[in-house]
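Enquirer: Pasting a structure here, questions to come.
The values are calculated or read from the model by the stated rules, or taken from the named source; none is laboratory data. On a predicted model such as this, the values are computed, not experimentally measured, just so you know. We place every Cβ from the backbone using ideal geometry, glycine too, and count neighbours over all the protein chains shown. Quick note on the areas: whole protein, heavy atoms, side chains included, nothing else; ligands and nucleic acids left out. Shrake-Rupley method; radii C 1.70, N 1.55, O 1.52, S 1.80 Å.
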Amino acid sequence: MRAALVLREVWTGLRRNMSMVISVILVTFISLTFVGSAMLLQSQINQMKGFWYDRAQVAIYFCNDGDTGDQCAGEATEEDIAAVEAVLESEAIEPFVRNFEFEDRPQALENFQRQFAGTQAVEFATEDSMSRALRVQPSSPADASVVAEATRSMPGVLEVQDQRRLLEPIFNALNIASLAAVVIAAIMLVAAVLLISTTIRLSAYSRQRELGIMRLVGASNRFIQTPFILEGVIAALIGSLLASGAILALVQWGVQGYLAPALPTYPLVTVDAALLVVPVLLAIGVALSAIAAAVAIRRYLRV
């Protein structure tokens with residue numbers, strides 16, 4: 001009987017404040033969609049970091065005629081190249097090197113043409129303009145700096161390029177984008193909490209007479225508060241479910257349906273990863289709404 005009475009009060013509150021309830025649903029939906037997107041974006045960044053850092057090489061470029069540099073006194077000799085290879089195979093450096101291979105000018109030109117295919121730079125590239133290089137695969141991403149420091153100052157070495165350093169600005173930009181999504185989501189969650197509090201207070205105000213009667217007949221504060229808290233939880237739960245559905249749809253059709261076929265070699269977030277986010281979104285929505293509604297109705301009843 002008490003449960004039926006509580007449910008009837010909940011339905012009355014939802015029906016009387018339908019426009020505010022819809023506003024709560026929409027704000028919760030938008031804010032939690034941002035939260036879920038930020039979580040998946042950070043997961044994608046971490047996957048891409050592991051993927052690219054594991055493949056990042058240290059490129060040791062050798063001097064050509066006309067190159068200027070502290071170690072360049074004309075074109076690098078075979079002895080210069082052999083000396084660098086000896087360092088990479090030395091007892092001190094070998095543990096930090098998984099493997100390495102020599103790239104001559106024809107190979108360098110072929111790689112350049114493949115990498116910059118369709119650009120004007122390919123038309124002006126020649127074998128003579130290419131630098132011979134050693135492509136070193138470190139044992140781990142952290143070992144790249146060791147390899148670079150050991151070979152950078154050797155005779156005949158024009159430049160040592162740690163490809164991991166080239167990737168860091170990209171991942172930093174993605175991290176900033178992820179942080180921006182989190183900030184926007186936090187602002188939207190605050191707006192949702194304030195809107196839930198306002199909705200509950202308006203609902204309580206519209207039922208002043210009923211609340212007065214409940215107090216006169218000895219109803220406990222918990223019994224009076226429960227319908228209002230459930231109103232906020234139901235509205236937020238609907239918004240959370242909509243946000244979860246939007247996240248799943250985005251991953252299923254946007255990432256896996258569109259991006260995955262176009263980028264088959266890259267690791268992309270999966271539906272399984274999105275399913276792990278869903279309980280988090282539901283928990284955030286329900287918890288925040290319950291707390292906001294409870295605080296709002298308690299403060300109202302004290303007035």
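Enquirer: Criterion first (more than 25 Å from T68 (Cβ to Cβ), surrounded by fewer than 11 Cβ atoms within 10 Å (Cβ to Cβ) and out of contact with any helix residue (DSSP H, G or I) (no Cβ under 6 Å at 6 or more places or on another chain)) does E110 satisfy it?
Expert: no
Enquirer: Checking the condition buried (at least 16 other Cβ atoms within 10 Å of the Cβ), touching a residue at least 40 places away in the same chain (Cβ under 8 Å) and not in a helix (DSSP H, G or I), which residue from V277, V269 passes?
Expert: Answer to the check: V269.
Enquirer: Given (1) modelled with pLDDT under 75; (2) open to solvent by 40 Å² or more (accessible area, probe 1.4 Å), identify the lone condition not met by M214.
Expert: Of the numbered conditions (1) modelled with pLDDT under 75; (2) open to solvent by 40 Å² or more (accessible area, probe 1.4 Å), the odd one out for M214 is (2).
Enquirer: Still on this structure, I have one more. If you go through segment 135-166, how many residues are crowded, with 18+ Cβ neighbours inside 10 Å, assigned to a helix (DSSP H, G or I) and among the charged types (D, E, K, R)?
Expert: 2
Enquirer: When segment 80-94 is examined, which residues are found to be in contact with a helix residue (DSSP H, G or I) (Cβ under 8 Å, 6 or more places away or on another chain), in a helix (DSSP H, G or I) and surrounded by fewer than 19 Cβ atoms within 10 Å (Cβ to Cβ)?
Expert: Once the filter is applied, which keeps residues that are in contact with a helix residue (DSSP H, G or I) (Cβ under 8 Å, 6 or more places away or on another chain), in a helix (DSSP H, G or I) and surrounded by fewer than 19 Cβ atoms within 10 Å (Cβ to Cβ), segment 80-94 yields V87, E94.
Enquirer: If R132 meets every condition in (1) open to solvent by 50 Å² or more (accessible area, probe 1.4 Å); (2) over 24 Å from Q42 (Cβ atoms); (3) not β-branched (V, I, T) apart from one, which number is that one?
Expert: That leaves (1) as the condition not met.
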